[in-house]
Structures are given as structure tokens and as C-alpha cells.
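Worksheet: the structure to be examined is printed underneath.
The values are calculated or read from the model by the stated rules, or taken from the named source; none is laboratory data. Quantities reported herein were computed from a predicted structural model and do not represent experimental measurements. Virtual Cβ from ideal backbone geometry, glycine too; neighbours counted across all protein chains shown. Just so you know, the surface numbers come from the protein's heavy atoms only, side chains and all, with ligands and any DNA or RNA stripped out. Shrake-Rupley method; radii C 1.70, N 1.55, O 1.52, S 1.80 Å.
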Amino acid sequence: MQNPGVLDWDDLRYFLAVADTGSTLSAGRVLKVSQTTAARRIAGLEQALALTLFDRRPSGYALTAAGEALLPQARAMAEAAERVGNLADAYRREVTGVVRLTTVDIFAVTILQPILRDLHAAHPAIGLELDTSDARRDLSAEADVALRMCDRPEGAGLVARRIADARWSVYCSRAYAAEHGRPTRRAELGAHAFVGGGDEGVWAVYRAWLAANGLEKSVVMRHGSASGLLAAARAGMGLVVLPCLVADQEPDLLRCLPPAREAPHGLWLLTHERLRHAPRIRVVLDMLADRLGALARAAPD
């Protein structure tokens, strides 16, 4: 007996069609393929199983004892495959509706844009509303998903997933480094101008870092938004403390110091417990977690 090969599950469709119609010609018509293709697929299935499933007779194909024994299982597999397809179709139909995503503007205008573009391409029936308000939205009423930097999220009914450390470092533009030098030690930072600010959450972390390093008086300009900080860094206004997840993607920016090994904050995805199993919410959460997590893992140390 020949050794069994690799079973191609799609061959079972041909097995059932030939068993039902009694010939490869009729099976080919049912499956919209040539008789040669149907015959070849039956031969491939028999080779893979190391069994003769049909007796080839002048009147057509007749099931052997082995074929008769396998027929119920093949039908059960075909029915299971159909159920899987129906469930997948139903799930795709359910992945529709609006998802309200809230986060800080520096994420919204940088790393989120390609992710949301790909999300729309994969699930065009999902509508997205992106909120970049400084205020923390109520995930039971005002938003569906939040991307936040914090120590640990708090709030009734929240479901939280930490997807990365929220690491920060000092950056400057290549043009700034060419004109003023690129500091690579903390002792050198006092000789440089800093741009401060950002939204409430960003500025709280930034200001604490400046105070801890005695650099509060080095701030020459303060922006009201985190995206403003990023624009100032690109323009060469001075040194800026930025999230590594964002700044490391900017080809015009140089990291001056390594980030702290122990990140005090995490990057969290949040939703409310009553929404966690909604298909549209699940899709958005999973794509954000996968893509942002991969981005964080790829960042240099």
C-alpha cells in the first residue's frame, strides 16, 4: 500500500460531487470545472488517503466499500465548513456601525493614521469618530474606545488592556543638532532650549520630568497641544520630551538620551464592559493592540 500524502480538504467537495452524480463529467458541471479537473482531484484524494474510493466503470464512478465508509464523514465535514462560512458571513455583517475613539492628539495625527486607514480598508462598514479632546471621555456614554497613557486606568466598568510601556525621551531635529549639537548626557541638557507644553496628560508627565532634572527654566516656549510639541521639534525650536512610540517614527528627529528602563506609565486600550464583546469594538481593539504593540516592540532600546 502506498504511503498517505497530504490531504487537501478541498478535494472532499469533488468526492461528494462525484458520489452524488456518479461521474466526473457531471461533478465537473456541478462544480463548474472541467471533467479532467474533477478526475484529477479524485485521483489526488485517493493518493492522499492511500485508498481507492471509486470503481471506474463504463457506466460511471461507483463508491467502493472505503468510499461508502468515508461518505458520512465527508458530508459532515462539508456541512461544518458551510456552517463556518455562514458564521463568518454573519460576523462580517455584524461588524458595522460607528466606533468613537478618544486619545491624545499626538497619537491621532501620527501613528494612528496608517492603522485607521488599514482598519477602514479591512472593515469599510465601520465608521470612525476620532476625538482628541484634553478631557477624559466617559466610556459608558461619550466614547467607545480610549487609547491612554497612565499608570493604571481607574473607573467603574472599565475593561483595560496594557499594550506597551509609555516610554519617553528627549529629542531634537537633525537641523538643531547640526547647529547646536546633540546632547547625549543629562549634564549637557542645561545648555539647550526646551519646548514645553502639550495637552494636560502629556504636560503633566513632561513637567514632572523637567522639574526632576532642574530644567524648568530652560523652557523657551510652551505649546498647548502635543502635536504642537512635535511640530516645534521638527522645526528645530529646541529639545522636546516626546513619547518614543511617536518620535522614533519621525525620520527628522534624533533621540538624545535613552529612555528610562522602568516606564512609569503604560499605553492602555480601554472600553466599557458592556461593549467589550460587540464585534465592531472587538475589531478596533484587536487591530490597535496588534499594530501598536508591534510598533512598540520594534522600537530601539
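Where in segment 157-184 is the amide nitrogen less than 17 Å from a point lying 7 Å along the Cα-to-Cβ axis of residue 208?
165-170
Scan [x] 1.05; [y] 1.26; [z] 1.00 for the value of Rg/Rh (Cα atoms, Kirkwood Rh) calculated from this model and give just the label.
After the calculation, the listed value that fits is [y].
At 20 Å minimum axial length over the Cα atoms and a Kyte-Doolittle cut of -0.5, report the qualifying DSSP H helices in the chain, or say none.
On the way: long enough: 35-49 (21 Å, -0.13); 65-94 (44 Å, -0.36); 279-298 (28 Å, 0.51).
Those that pass (Cα extent of 20 Å or more, hydropathy at least -0.5) are 35-49, 65-94, 279-298.
For the chain, give the percent of accessible area contributed by carbon and sulfur heavy atoms, probe 1.4 Å, rounded to a whole number.
Values: 8180 of 15870 Å².
Its accessible area is 52 percent carbon and sulfur atoms.
Based on the alpha-carbon gyration tensor of segment 44-190 and its eigenvalue square roots a ≥ b ≥ c, which shape applies: rounded if a/c is under 1.5, prolate if not and a/b is larger than b/c, or oblate? All intermediate terms of the calculation are to be shown ahead of the outcome.
Working: a/c = 3.82, a/b = 2.37, b/c = 1.61.
It comes out prolate by the Cα gyration axes.
With unit charges on the beta carbons (Lys and Arg positive, Asp and Glu negative) and the dipole taken about the Cα centre of the chain, which residue among 72, 9, 256 sits farthest to the positive side?
Final value for the positive-end residue is 256.
Amide H of residue 193 versus every other amide H placed in the peptide plane: which residues, excluding those fewer than 5 positions away on the same chain, fall under 5 Å?
HN-HN under 5 Å from residue 193: 239.
For residue 140 paired with residue 128, estimate the spin-label separation in nm (one decimal), with each label point 7 Å from Cα along the Cα-to-Cβ line.
For residue 140 paired with residue 128, the spin-label model returns 2.8 nm.
Considering only DSSP beta bridges whose two residues both sit in the chain, what percent are antiparallel, to the nearest 5? It would help to have the intermediate numbers written out before the result.
On the way: 24 of 38 bridges.
Expressed as a percentage, antiparallel bridges in the chain total about 65.
Loop only per DSSP, at most 14 neighbouring Cβ atoms within 10 Å: give me the GluC sites (Glu not before Pro) in segment 126-158, ordered by residue number.
Numbers: sites: 129, 142, 154; in loops: 142, 154.
Passing sites in segment 126-158 are 142, 154.
How far is the Cα center of segment 245-301 from the Cα center of segment 144-177, in Å?
7 Å
Determine the gain in length on full extension of the stretch residue 117-residue 151; use 0.36 nm per residue of separation and subtract their C-alpha separation, reporting nm with one decimal.
Working: separation 34, 0.36 × 34 = 12.24 nm, distance 2.90 nm.
Gain on stretching residue 117 to residue 151: 9.3 nm.
Under 14 Å from a label point 7 Å along Cα→Cβ of residue 75: give me every residue in segment 11-54 with its amide N that close.
The answer is 16-21.
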